[in-house]
1. Please list the non-local residues whose amide H lies under 5 Å from the amide H of Gly68, H modeled 1.01 Å from N, same-chain partners needing a gap of 5 or more.
2. Name the long-range amide H neighbours of Thr220: under 5 Å, sequence gap of 5 or more, or other chain; modelled H, no Pro or chain starts.
3. Between rounded, prolate and oblate, where does the stretch 207-295 land on the alpha carbon gyration tensor, with a ≥ b ≥ c its root eigenvalues, rounded for a/c under 1.5, else prolate if a/b exceeds b/c?
4. With θ taken as phi - 60° and the coefficients 6.51, -1.76 and 1.60, list the Karplus ³J(HN,Hα) couplings across the stretch 132-146 in order, rounded to whole Hz; mark glycine and proline as x.
5. How big is the shadow of the Cα convex hull of the stretch 152-243, averaged over all directions, in nm²?
6. May I ask you to list the trypsin sites (Lys or Arg not before Pro) in the stretch 95-132 that are in a DSSP loop and have at most 15 other Cβ atoms within 10 Å of their Cβ?
7. Where does the stretch 45-142 land on Rg/Rh, using Cα atoms and the Kirkwood Rh?
8. Taking 20 Å as the cut-off for C-alpha to C-alpha distance, list the pairs among Lys64/Lys174; Lys165/Lys305; Lys19/Lys82; Lys165/Lys335; Lys116/Lys174; Lys305/Lys327 that go past it.
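Any read-out appearing in this document is the output of simple, stated calculations on the displayed coordinates, not a laboratory observation. Only a predicted model underlies this, so the values are computations on that prediction, with no experimental measurement involved. In this analysis, Cβ positions are derived from the backbone assuming ideal geometry, glycine residues included, and neighbour counts consider all displayed protein chains.
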Amino acid sequence: MYQNGTLLIRDVTPSDSGKYECIATSSTGSERRVVTLTVERHESVPQILEGSQQIRPPMQTYAKVKPGGNIRFDCEAAGEPKPKILWMLPTNDVIAASNERYLMHVNGSLDIRDVKLIDAGQYVCMARNPAGENRKVYQVDIDGNPPVINGYHQNRTVIRDVASKYSRKFIDCKAEGDPTPTVTWIMPDNIFLSAPYYGSRINVHHNGTLEIRNVRPTDTAEFICMARNDGGEAVMVVQLEVTSMVRRPIFKNPFNERVVSRVGKTVVLNCSADGHPAPEIIWTLPNGTRFNGGPDRGSQHHLSKDGTLVIYNPRKEDAGKYRCGAKNYMGYIEKLIVLEVGQKPVSGEPLFLHCLSDGNPRPVIYWTIPGGHTLTRPQVFQRYQLLENGTLIVRDTTIHDRGNYICRARNDAGERKNPAWGGSHLGRGTPGSKELLLMFELKVNSLTRHYWLQVETIRAYTERNIKLCNRLKEIKCSRWGFNSL
């Protein structure tokens with residue numbers, strides 16, 4: 001205040017606004033005057049302070065800690081009016097004050113205590129005032145892994161298992177993680193057994209495996225393995241079934257088969273299997289696709305409850321090796337079914353004769369064509385082409401291509417031959433004329449063979465043989481009538 005009564009206020013702020021009263025006194029009395037001061041507010045967008053080496057250490061925006069550790073992120077802001085500090089968590093929740101998991105300081109700093117795996121992610125500091133908002137992003141990474149049980153990368157896994165009555169049963173619970181998890185088994189009566197534990201009938205080994213001796217019918221229940229570390233928790237629920245007898249899968253017809261069908265005609269491939277518990281049927285298609293139930297993505301394949309694979313409207317491309325597997329807790333078995341899909345030979349069009357083989361070592365395919373010439377390797381000979389997969393292609397077919405085509409499969413263990421036939425609709429006779437082809441399947445002493453016969457002049461002979469086959473118990477004989485291949 002100056003001698004003349006003037007009042008000077010330096011660096012005024014909005015808080016200096018108000019009424020100022022000046023009082024002048026003398027021997028004759030006093031005089032008063034009120035002055036109202038209004039300081040206009042000048043708003044500024046918040047600025048999050050980065051810190052300086054002289055005043056404070058540089059601001060930490062990244063932290064990597066082990067589970068159970070502590071983290072502090074500083075977030076001090078300046079602005080007019082003073083900004084409000086908010087924090088956005090990795091869950092997208094926003095907090096403005098401390099809670100049971102996070103501690104917020106007056107200056108805006110955030111403490112994360114007893115860090116867990118779920119705390120990993122981005123934390124965003126938001127400084128707000130009426131003039132606007134400013135943000136800064138912080139990152140937290142956890143140096144550790146949550147538990148994984150038996151390789152199942154999920155928090156909860158439910159599996160089914162089976163045990164024979166009076167047997168000894170082992171149930172694995174291999175827990176991996178960082179830090180090393182602790183393993184606890186929860187029994188059906190809600191008793192907790194931590195590894196290791198050794199009792200009179202039940203043991204929990206150091207590696208987490210549960211051992212049940214002298215299995216009883218009352219052990220049909222749920223056994224729960226729980227693995228914990230600072231990174232989290234994983235649970236495996238084992239639904240155990242106790243049976244009087246357990247059997248590995250067995251096929252009702254264990255022998256490999258060969259099935260021949262026509263283009264467009266529904267094919268049924270049988271794979272019935274017994275076992276206890278009932279085995280799961282898994283088909284592997286020629287293209288390597290594994291198929292274990294329901295329609296195959298809207299395709300023509302369908303798996304029935306008894307394991308039968310139905311192929312609707314088959315094409316030539318569906319020919320190949322179909323592998324059927326049956327699996328339960330006791331084991332896995334597999335058989336091979338070779339599907340051949342033929343077509344009616346039409347004069348002038350190519351004819352495909354398939355010869356699929358299986359063996360170890362892999363067999364070499366040979367074809368003998370009418371006239372006696374033999375194709376011994378993948379090659380092109382006149383109008384004949386032998387492919388690497390054993391298929392013989394006859395191009396621009398004519399009536400002269402009629403006759404017997406013999407396929408041979410040979411490896412170090414021996415040789416097999418199979419006749420094919422190409423004699424229908426190759427320009428012979430009147431348009432629409434057909435010949436009938438009969439295929440005989442004979443099963444003698446577990447050996448399956450197929451025989452193909454043309455039936456124009458020897459129909460009566462074949463009919464007599466069919467009746468003869470049906471009278472022999474050790475021979476199963478069946479017949480199919482085909483108008484084409």
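1. Result for Gly68 returns Val115, Lys116.
2. Val242
3. Oblate, since a/c reaches 1.5 and b/c is not below a/b.
4. x, 9, 9, 10, 9, 9, 10, 10, 10, 10, 9, 8, x, 10, x
5. In nm², the orientation-averaged hull projection of the stretch 152-243 is 5.5.
6. Taking the stretch 95-132 and a limit of 15 other Cβ atoms within 10 Å, the loop trypsin sites (Lys or Arg not before Pro) found are Arg101, Arg113.
7. Expressed as Rg/Rh, it is 0.97.
8. Among Lys64/Lys174; Lys165/Lys305; Lys19/Lys82; Lys165/Lys335; Lys116/Lys174; Lys305/Lys327, the Cα-Cα distance tops 20 Å for Lys64/Lys174; Lys165/Lys305; Lys19/Lys82; Lys165/Lys335; Lys116/Lys174.
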